[in-house]
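The values are calculated or read from the model by the stated rules, or taken from the named source; none is laboratory data. The structure displayed is predicted, hence computed values, not measured ones. We place every Cβ from the backbone using ideal geometry, glycine too, and count neighbours over all the protein chains shown. Only protein heavy atoms, including side chains, enter the accessible area calculation; ligands, DNA and RNA are left aside. Shrake-Rupley method; radii C 1.70, N 1.55, O 1.52, S 1.80 Å.
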Amino acid sequence: MSTHQQDMSLVTSTPPINNGNQIFPEIEMSGDSSSIVRATVVQACTIFYDTPATLDKAERLLAEAADNGSQLVVFPEAFIGGYPRGSSFELAIGARTAKGRDDFRKYLASAIDVPGPEVERMAEMARKYKVFLVMGVIEREGYTLYCSVLFFDSQGQFLGKHRKLMPTALERCIWGFGDGSTIPVFDTPIGKIGAAICWENRMPSLRTAMYAKGIEIYCAPTADARETWLASMTHIALEGGCFVLSANQFCRRKDYPPPPEYTFSGSEESLTPDSVVCAGGSSIISPLGIVLAGPNYEGEALISADLDLGDIARAKFDFDVVGHYSRPEVFSLNIKEHPRKAASFTSKVTKDETVKM
């Protein structure tokens, strides 16, 4: 592995290609060149509480990836809006504080509406740089937040979204729960693309639903930087016979507002401005379980690999989890895809009402 340091590190596999001032990966592929997709996972930090600046940063990173030939770019969990790592929102069972409520107010203000102007900006970015874009966001619907992933095609069309089904631990106090209506897999010219966020990748039923929809490029935006995460990503690639693209943020304490505006609960006193609070670990795995790029724990980076889509068929020959290796007469999964709403309204026309033309 080699790196080239500019604003970002472009992490490469060997042997490298020297492309001007950049270094980008070249991976030996046996398939037809038309079946090769160049993909990049972004490992970078949100500019916290500043969504416009974060969007500007996202565009710079997208432009750099596109300049190096990427057709698909995946950003980390909650890149737009921010992952509130270390923040407790001053919650305790049966008690909240004025500061905690105000922390939530500021976090809510950093979130985006879907659809909304920020979504339009991302769509334009995808169109401008001619890439498929998968972006982790904090989505605002009224006064409830969702950890979501947005999908855009290379023509600038917003394809749809996935909402995190099961927030983890204290995340459940600040994010709502997704439902079965937002577990999409999009059939695109570069493959069937979907996403699962962070620890919901550990949910076997969710993975099975995505396999049953034919996912080929499985995006896994995350906030888990532990070395054990790579084992989960490798298992999913092998289990699903799909490429897995996992993107995480790399953050230092100084990337977040200073205390008392933002406090890392329980560890603030031990942190320096340069302390790493999220170490990245982003990676790209093939359907055969081969680590094509990453994991990177060194800093902000663009981590890229060439995906030979022929490897999907090669892997499925060994194991097709919803095909020849399934046992539907023994196991079955029922997926409820309809939206779950708190209230629904039905208009009723009475016999006395007439329609005037």
Answer yes or no: is there a residue in the stretch 95-106 that is in a loop (DSSP other than H, G, I, E, B), touching a Gly at 6+ places or on another chain (Cβ under 9 Å) and free of Cβ contacts under 8 Å to residues at least 60 places away in the same chain. no
Quick one: GLU300 ticks every box in (1) open to solvent by less than 20 Å² (accessible area, probe 1.4 Å); (2) modelled with pLDDT of 95 or more except a single one, so which number is it? (1)
Close pairs (8 angstrom Cβ cut-off, 6 or more residues apart or separate chains): closer than 14 Å to ALA237 by Cα in the stretch 272-300, of a type in the set (Lys, Arg) anywhere: PRO287/ARG314; PRO287/LYS316; LEU288/ARG314
The lone exception for PRO258 - which of (1) modelled with pLDDT of 95 or more; (2) of a type outside the set (D, E, K, R); (3) open to solvent by 70 Å² or more (accessible area, probe 1.4 Å) it fails: (1)
Checking the condition touching a Gly at 6+ places or on another chain (Cβ under 6 Å) and either at negative phi or in a loop (DSSP other than H, G, I, E, B) (or both), which residue from ALA342, ALA305, ALA315, ALA293 passes? ALA315
Return the total of residues in the stretch 59-91 being aliphatic (A, V, I, L, M), within 20 Å of GLY281 (Cβ to Cβ) and not in a strand (DSSP E or B). 3
Restrict the check to the stretch 49-64 and report whether at least one residue is in contact with a Phe, Trp or Tyr (Cβ under 6 Å, 6 or more places away or on another chain), more than 12 Å from LEU133 (Cα to Cα) and either at pLDDT 95 or above or surrounded by 24 or more Cβ atoms within 10 Å (Cβ to Cβ) (or both). no
ALA237, sole failed condition from (1) surrounded by fewer than 18 Cβ atoms within 10 Å (Cβ to Cβ); (2) outside any loop (DSSP other than H, G, I, E, B); (3) in contact with a Gly (Cβ under 9 Å, 6 or more places away or on another chain): (1)
Across the stretch 76-93, what is the total count of residues that are open to solvent by 40 Å² or more (accessible area, probe 1.4 Å) and over 17 Å from ALA225 (Cα atoms)? 4
Among the candidates GLY20, GLY31, single out the residue that is in contact with a helix residue (DSSP H, G or I) (Cβ under 7 Å, 6 or more places away or on another chain) and either open to solvent by less than 20 Å² (accessible area, probe 1.4 Å) or at pLDDT below 50 (or both). GLY31
Restricting attention to the stretch 130-176, report how many residues are out of contact with any strand residue (DSSP E or B) (no Cβ under 8 Å at 6 or more places or on another chain) and either hydroxyl-bearing (Ser, Thr, Tyr) or within 21 Å of ASN201 (Cβ to Cβ) (or both). 8
Is the stretch 192-205 home to any residue that is of a type in the set (Phe, Trp, Tyr) and open to solvent by less than 10 Å² (accessible area, probe 1.4 Å)? no
With open to solvent by 10 Å² or more (accessible area, probe 1.4 Å), more than 23 Å from VAL134 (Cα to Cα) and polar (S, T, N, Q) as the only criterion, which of SER275, SER232 stands out? SER275
